[in-house]
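S.K.: Below is a structure I'd like to ask you about.
Just so it is clear, none of the values below were taken in a lab; they were calculated from the coordinates. From a predicted model like this one, the values you see are computed outputs, not experimental measurements. We place every Cβ from the backbone using ideal geometry, glycine too, and count neighbours over all the protein chains shown.
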Amino acid sequence: MIELTPKRAAVLAFIRHRVEVLGLPPSLAEIAGEFGFASRNAAQKHVQALAEAGLIELAPHQKRGIRLAGGQGRADLLTLPVLGRVAAGTPIGADIGLGSGLDPQWVLDRRLFSLTPDYLLKVQGDSMIGDGILDGDLVGVHRTAEARNGQVVVARVDGEITIKRLERGRQRIRLLPRNPEHAPILIEPDQDFAIEGVYCGLVRRG
């Protein structure tokens, strides 16, 4: 799965916008000017990373040698809201509403995600590091009340939310961390439990 920093996702969105609106890609100087980079070398670093990820193609020795890979266009971009935080550790209250300094909307490449997400949540904690989900990551969540055994889910337990791997047994449900320093969460029959969505990818904030 491709992981992009927010800045590189924004550079990619800018390149696509210029191709769609003006019919030609931006130069490195124009990218540097758009994002306030100190030099074209800084823009080149981001462009090269996008090319290495297979999101764009570079034609050597051309001022405007950037090409979108595979005929990409506006349909490949998603605008996703950040709805709050999700605990990768002990469940935390649903921090819905953006009073925590999070950007309210992100424009991201659809191909970052295995499923199309409906929203993003900021991870707090380290219980899912075994699955590559780190503290501070933004995880994409596909809204659904159903999940398969073994999927990573965002679940609500007694009004609090957490991200864990789902284990459905014959008589009980457990939410499993991916860090041996954290204990599984056993769902008791009388608890208020619901699956809010399934994890479908992440963005690592740079």
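S.K.: Under Stokes-Einstein, with the Kirkwood radius over Cα pairs standing in for Rh, what whole-number D in µm²/s applies to segment 77-203 at 20 °C and 1.002 mPa s?
M.R.: So the translational diffusion coefficient is about 147 µm²/s.
S.K.: Specify whether the C-alpha gyration tensor of segment 6-72 places it in the rounded, prolate or oblate class, a ≥ b ≥ c being the square roots of the eigenvalues: rounded for a/c under 1.5, otherwise prolate if a/b is larger than b/c and oblate if not.
M.R.: rounded
S.K.: Would you mind checking which residues have amide H under 5 Å from MET128's amide H? H placed 1.01 Å from N; only 5 or more apart, or other chain.
M.R.: ARG178
S.K.: Using the Cα centre as the reference, give the magnitude of the dipole from point charges on the C-beta atoms of segment 77-203 (Lys, Arg: +1; Asp, Glu: -1; all else neutral), rounded to the nearest 20 debye.
M.R.: Dipole magnitude for segment 77-203 comes out near 460 debye.
S.K.: What whole number of Å gives the distance from the Cα centroid of segment 47-70 to the Cα centroid of segment 159-206?
M.R.: 40
S.K.: Next up: Would you calculate, for the chain, the mean residue ellipticity at 222 nm contributed by helices, counting each DSSP H stretch of 4 or more residues as -39,500 (n - 2.57) and dividing by all residues, to the nearest 500?
M.R.: After summing the helix terms and dividing by residue count, I get -6000 deg cm²/dmol.
S.K.: What's the exposure ranking of ASP135, ASP109, ASP158, going from fewest to most Cβ atoms within 10 Å?
M.R.: Placing the least packed residue first, the sequence is ASP158, ASP135, ASP109.
S.K.: What length, rounded to one decimal in nm, is gained on full extension from SER39 through to ARG143, with 0.36 nm per residue of separation minus their alpha-carbon distance?
M.R.: So the chain would gain 33.3 nm between SER39 and ARG143.
S.K.: Another question about this same structure. Collect residues whose amide H, placed 1.01 Å from N in the peptide plane, falls under 5 Å from the amide H of LEU115; neighbours closer than 5 in sequence don't count.
M.R.: none
S.K.: About the Cα centre, and with charges only on the beta carbon of Lys, Arg (+1) and Asp, Glu (-1), how big is the dipole of segment 6-72? Nearest 20 debye, please. Numbers along the way, then the final one.
M.R.: On the way: 9 positive and 5 negative charges, 19 e Å.
Dipole about the Cα centre, nearest 20: 100 debye.
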